[in-house]
1. Between Ile141, Ile189, which is within 19 Å of Leu64 (Cβ to Cβ), modelled with pLDDT under 90 and surrounded by 13 or more Cβ atoms within 10 Å (Cβ to Cβ)?
2. Evaluate the following for Asp161: is it part of a helix (DSSP H, G or I) and within 22 Å of the chain's Cα centre (by Cα)?
3. Within segment 210-265, track down each residue that is in contact with a Leu (Cβ under 8 Å, 6 or more places away or on another chain) and modelled with pLDDT of 85 or more.
4. Tell me yes or no: at least one residue of segment 105-123 is away from the ligand (no atom under 16 Å from the Cβ), in a loop (DSSP other than H, G, I, E, B), assigned by TED's automatic domain parsing to the domain that holds Ser54 and under 17 Å from Phe183 (Cβ atoms).
5. Going by what's in this entry, would Val5 be described as over 21 Å from Leu138 (Cα atoms), β-branched (Val, Ile, Thr) and away from the ligand (no atom under 16 Å from the Cβ)?
6. So is Leu106 out of contact with any strand residue (DSSP E or B) (no Cβ under 9 Å at 6 or more places or on another chain) and farther than 24 Å from Arg196 by Cα or not?
7. Test Glu70 against the criterion of being exposed (fewer than 13 other Cβ atoms within 10 Å of the Cβ), among the acidic types (Asp, Glu) and in the same structural domain as Glu156 (by TED's automatic domain parsing), and give yes or no.
8. Please find, within segment 97-132, the residue that is surrounded by the fewest Cβ atoms within 10 Å (Cβ to Cβ) out of those that are farther than 23 Å from Ser46 by Cα and aromatic (Phe, Trp, Tyr).
Amino acid sequence: MYNRVREDERAYKLMYKSFELSLSRPTNSQVAKTILLDNECNEIQSENNLSFVSRVRGAICTFLQQNKLEYKQHNDLEDNYKCECDYDCECYFNKFIMPAFKNLALSFEPYINNGSLVNHILEEYTTEEKDRLLSCDLREILRLMLYKELAYLAFERGLYDVSCWHHEATVLMYGGAITNEQFDPSEYIESELSARNKDKANKRWSKHNQLRPKKKKQYLEIMDKQNFTTFAETATYIKQYIETGKTPSYRTIELWLSQASRGDFS
Ligand SMILES: [Zn+2]
């Protein structure tokens, strides 16, 4: 028993580590290589590239420490959120948290756009180096590092789903930088989330559709067995003794009976 616990613990630690490891991608040197064109740089320039990326990271960490996640503000979560997981999941929790992360990302946007943060960091470098760095897409670095740190922030708080989304956006942004394509991480997360929810809604609906023909058949049999002559009478009986839950409603049962009697079992 003791060994099993230790084995479980080890497996858990390995899993945790591999998640953490994947969050570290792209690394600072990968970012420097792709966006600051590190391969074309001399030693001093290379050092500056790395120190620039790590200073950006430091500034973002400070920003995230100073700005709290506002969980309840602007939360547009519907009341009856359901997911398809067959375990004690945290989908509801994760979805509830997402807007807070989005707002945090948005509140950093001015620092990216007005150049104040970049200028502040660049004060450390010579004019020549400043100009060289400014010729690269520094906004892209700021945005990429922001999403990377948001993924860490979510991970540290045990919000693994949220962490995955931000990590995915980071990696895609990095891929965009390699292929010179613009990529909007906030828009991406939003559209992916809504696509995922739509997919879940469709699955729920198709389950519902499979159930309906069975129900229609069952209701019609009850009508026959009980010798009822009207749909209203049958629906009342069904609602009273069989479908005692909230759904299907009396109206639905009546409608399904009338459709079934015409041979429509869809
Ligand atoms: Zn779930």
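1. Of the residues listed, the single one that is within 19 Å of Leu64 (Cβ to Cβ), modelled with pLDDT under 90 and surrounded by 13 or more Cβ atoms within 10 Å (Cβ to Cβ) is Ile189.
2. Spelling it out, Asp161 is indeed part of a helix (DSSP H, G or I) and within 22 Å of the chain's Cα centre (by Cα).
3. The answer is Lys216, Tyr219, Leu220, Met223, Phe231, Thr234, Ala235, Leu257, Ala260.
4. So far as segment 105-123 goes, no, none of its residues is away from the ligand (no atom under 16 Å from the Cβ), in a loop (DSSP other than H, G, I, E, B), assigned by TED's automatic domain parsing to the domain that holds Ser54 and under 17 Å from Phe183 (Cβ atoms).
5. Criteria met by Val5.
6. Criteria not met by Leu106.
7. It is false that Glu70 is exposed (fewer than 13 other Cβ atoms within 10 Å of the Cβ), among the acidic types (Asp, Glu) and in the same structural domain as Glu156 (by TED's automatic domain parsing).
8. For segment 97-132, the residue satisfying everything is Tyr111.
The values are calculated or read from the model by the stated rules, or taken from the named source; none is laboratory data. None of the values given here were measured: they were computed from a predicted structure. Because the Cβ atoms are built from the backbone with ideal geometry, glycine has one as well, and the counts that use them run over all protein chains shown.
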